[in-house]
Each structure stands twice: as C-alpha cells, then as structure tokens.
1. In segment 91-101, which residues are in contact with a strand residue (DSSP E or B) (Cβ under 8 Å, 6 or more places away or on another chain) and either open to solvent by less than 30 Å² (accessible area, probe 1.4 Å) or assigned to a helix (DSSP H, G or I) (or both)?
2. So in segment 63-90, with the set limited to residues that are among the hydroxyl-bearing types (Ser, Thr, Tyr) and in a loop (DSSP other than H, G, I, E, B), which one is most open to solvent (accessible area, probe 1.4 Å)?
3. Which pairs turn up if I take residues in segment 55-81 that are in contact (Cβ under 8 Å) with a residue 24 or more places away in the chain and look for partners that are open to solvent by 30 Å² or more (accessible area, probe 1.4 Å) and of a type in the set (Val, Ile, Thr) with beta carbon separation below 7 Å, at least 6 apart in sequence or on another chain?
4. Does segment 17-35 hold any residues that are touching a helix residue (DSSP H, G or I) at 6+ places or on another chain (Cβ under 8 Å) and more than 22 Å from Thr7 (Cβ to Cβ), and which are they?
5. From the residues in segment 39-62 that are surrounded by 15 or more Cβ atoms within 10 Å (Cβ to Cβ) and of a type outside the set (A, V, I, L, M), which one is nearest to Arg111 (Cα to Cα)?
6. Do we find that Arg119 is of a type in the set (Lys, Arg), modelled with pLDDT of 90 or more and open to solvent by less than 90 Å² (accessible area, probe 1.4 Å) in this structure?
7. If you take the residues of segment 203-234 that are part of a helix (DSSP H, G or I) and surrounded by 16 or more Cβ atoms within 10 Å (Cβ to Cβ), which of them is modelled with the highest pLDDT?
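The values are calculated or read from the model by the stated rules, or taken from the named source; none is laboratory data. Since this is a predicted model, take the numbers as computed values, not measurements. All Cβ positions, even for glycine, are placed from backbone atoms using ideal geometry, and neighbour counts span all protein chains on display. In case anyone asks, the SASA skips ligands and DNA or RNA and just uses the protein heavy atoms, side chains included. Shrake-Rupley method; radii C 1.70, N 1.55, O 1.52, S 1.80 Å.
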Amino acid sequence: VNLRDATQRQWKFRLARLNGAKNPYTELIPPEVQTFTDLQMDHAQRMGAPTVVRLIGGIGDHLEIISMLLEWTRIDTHPLILQVTPQRQQALAPLIESIPQLSLQSNVHPRAVQGMAIREWICRQHGTIGYGTWITNEVDNQEAKKGTLCCWRAKGQDNPLSAYLRSVPFPLVVNYYKTMQQLHPGLSLIDISDWKSEEITFLRKLGVQCLNPRKMGLNGLIRNCRNKKIITIDTALAHLCAVMG
C-alpha cells in the first residue's frame, strides 16, 4: 500500500518469480503496454518485418535479454532490431555483428516495444524460455591462462547505499590476495574493480594485475575471463559469464 505503481509492480514481479510463476513478467507490464506490444508483434509477423525492441538499463540487463531473445528466434526464426543508446551500440556491436537475426540501431523507433514487455509476450506465447550461451571462441578458450578475475566494488549509480552494501572493503581484498598467493604461488590474479589510484598502485606491488573494463571493452573483458574463476559483486560481469557459458 501507498507505493508508487511501478514499485508495486516490481515487488509483485519478484514475488511471482520467487513463487515459480510461469510468466512473472505479467506483473510488470501495464495493460496498455501489453496491448501495444501485441499489436506491434502481430504487425511485424504479418508483414514479415523485423521486430524493434527497445533495451534500457545496464550492460548486464542487455546481455540477459539478448540471451532470451536469441533463444526465442531459434523457435520463431524472427529477425530483431535492438534499439539501444549509442554508447551501448558501440559496446555490443563487436559481440553481435556475426549474429544474422540481430541488428542494432540507436535511432528512436515509434513501433519499438519495451524489453520487459517482449519478455512477457514471449512467455505468454511460448511458455518459459531459457537463457542460452551465445559468446564462444574456442581458440581463445584454449590459449587463455588460468587464474582468478575479481570485481569487488560497485559504483551503484544513483544509489550510494547499494554500492556500499555490495562492495568489499579494501583491507579484506588485500588479505584475500595475500592468502591466495601463499596458497597458490604464481597464480594469475586480475582485478577490474573501480579502486582509487593509490589502491591500484598498492595492488600492483602485490602482483595483482589491475585492469579497467571500460578501456578494454567487452571483447577484452571476455578474453580476460577465459579459463578464470570469477568472483564478482557486479551483476553485469555475472551476466557476461552466463552468456559465455
């Protein structure tokens, strides 16, 4: 009670998912959005035109829904245009340029359906759709050095409390690395956390390789994740690992 409509919907969605509902997304989508989505999907299928899906949120949200959409296109063989921001288009293009049923655009399309709304539509039409692996590179996989890649710190955009609650304090991280080095001398340790410059300097002196994921891009991050044990408090990295299998 006394919650904003969107907050109520998100709460009901989480309860429905927790309780094993076949289509928990129904709780998220207002009736008018569901009607709009039905009309656009019917139009695209009748005309043989690609469906335009508007994606929002972080890079992890994008990776997750692309996984679901790809699983659906294997059933329906329907082409998709993903409407994303120019920044997301630049980041995602190297990953999906070889996938024939997907293309990216940053222009606003009047017939674009919401990412969550198409999830609801897919579940309503086909039942539960799984999330498949779609980033593979066997050559890199064989050549990659084993070790551990860690992300201990969250920025928590617009939510400093969330960032604080999820992040691991620097002294604990240092203790972890020192212990790992004692147990496994020569182990490759990579840290992609958003540490302060003096903290990065300290870690590098310990022998930890500190990398900036924004500078290396998704392809570079994928290469560094190969054959690694991943420890992360960041959901985007967890989603990336999921689509890598």
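1. Leu92, Ala93, Ile96
2. Thr77
3. Between residues of segment 55-81 that are in contact (Cβ under 8 Å) with a residue 24 or more places away in the chain and residues that are open to solvent by 30 Å² or more (accessible area, probe 1.4 Å) and of a type in the set (Val, Ile, Thr), the close pairs are Gly60/Thr235.
4. Within segment 17-35, Lys22 is the sole residue that qualifies.
5. In this case the residue turns out to be Gln40.
6. yes
7. Here the answer is Leu203.
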